1. Here is a check on your reading of the model: is residue 53 out of contact with any strand residue (DSSP E or B) (no Cβ under 9 Å at 6 or more places or on another chain), over 27 Å from residue 157 (Cβ atoms) and at pLDDT below 95?
2. Pick from 123, 118, 143: which is out of contact with any helix residue (DSSP H, G or I) (no Cβ under 6 Å at 6 or more places or on another chain) and farther than 19 Å from residue 160 by Cβ?
3. Which is at pLDDT below 90 and under 16 Å from residue 170 (Cα atoms), of 107, 7, 78?
4. Which residue pairs have Cβ atoms closer than 8 Å, lie 6 or more positions apart in sequence or on different chains, and pair a first residue in the stretch 111-125 that is over 20 Å from residue 168 (Cβ atoms) with a second residue that is assigned to a helix (DSSP H, G or I)?
5. So the check is Cβ under 6 Å with 6+ separation or different chains; which pairs have a first residue in the stretch 71-100 that's loosely packed, with under 14 Cβ neighbours inside 10 Å and a second one that's in a helix (DSSP H, G or I) and modelled with pLDDT under 80?
6. For the stretch 102-115, what are the residues that are farther than 21 Å from residue 127 by Cβ and in contact with a helix residue (DSSP H, G or I) (Cβ under 8 Å, 6 or more places away or on another chain)?
């Protein structure tokens, strides 16, 4: 067995470890660039659709705000009968304005009575206007406000809730 001389260090022939270059995070093929461009285009298209939907439903938000104001005037702690009547008189007009904002004026503007109630039912897919609390609408539209002060609060609340549902769910073209 041979021993090494003591004047030669044992690690003299070793070299430092060489680390490889860092791997680049940039895509190396055109497929990744194409995929990134496609995802960006899809995101832009989705934002455009969301913006158009938001803008086209502005009339709904306006109508819901007006309905909340009517509801507040009707259900105040002790509204005067005249004020309650004026607030209720605004309900049929609100529905008509909302329908006109959503659909074709020539098809909606001339509707009255049962034809109007049938249109409202078709637009949201229910029967609440022809068979439910919506039957009050013609009375509210054409009768004097003095008759409205004796309407039960439950019927008025049901009509306001039906109106809210209609504004949220109706389809513009029926």
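The values are calculated or read from the model by the stated rules, or taken from the named source; none is laboratory data. Just so it is clear, the structure is predicted and the values come from calculations on it, not from any experiment. Glycine also receives a Cβ, built like all others from the backbone with ideal geometry; neighbour counts cover every protein chain displayed.
1. yes
2. Being out of contact with any helix residue (DSSP H, G or I) (no Cβ under 6 Å at 6 or more places or on another chain) and farther than 19 Å from residue 160 by Cβ holds for just one of 123, 118, 143, which is 118.
3. Working: 7 fails: under 16 Å from residue 170 (Cα atoms); 78 fails: under 16 Å from residue 170 (Cα atoms).
Only one candidate qualifies: 107.
4. 111/119; 112/138; 113/138
5. 81/149
6. 109, the sole residue that qualifies.
Conditions (1) farther than 25 Å from residue 55 by Cα; (2) surrounded by fewer than 16 Cβ atoms within 10 Å (Cβ to Cβ); (3) over 22 Å from the mean Cα position of the chain (by Cα), marked per residue:
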position: 108; (1), (2), (3): no, no, yes
position: 116; (1), (2), (3): yes, no, yes
position: 124; (1), (2), (3): no, no, no
position: 155; (1), (2), (3): yes, yes, yes
position: 164; (1), (2), (3): no, yes, no
position: 170; (1), (2), (3): no, no, no
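Each row is one residue, and each column tells you yes or no for (1) part of a helix (DSSP H, G or I); (2) closer than 21 Å to residue 161 by Cβ; (3) at pLDDT below 90; (4) touching a helix residue (DSSP H, G or I) at 6+ places or on another chain (Cβ under 8 Å).
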site	(1), (2), (3), (4)
85	yes, yes, yes, yes
92	yes, yes, no, yes
95	yes, yes, no, yes
100	yes, no, yes, yes
134	yes, yes, yes, yes
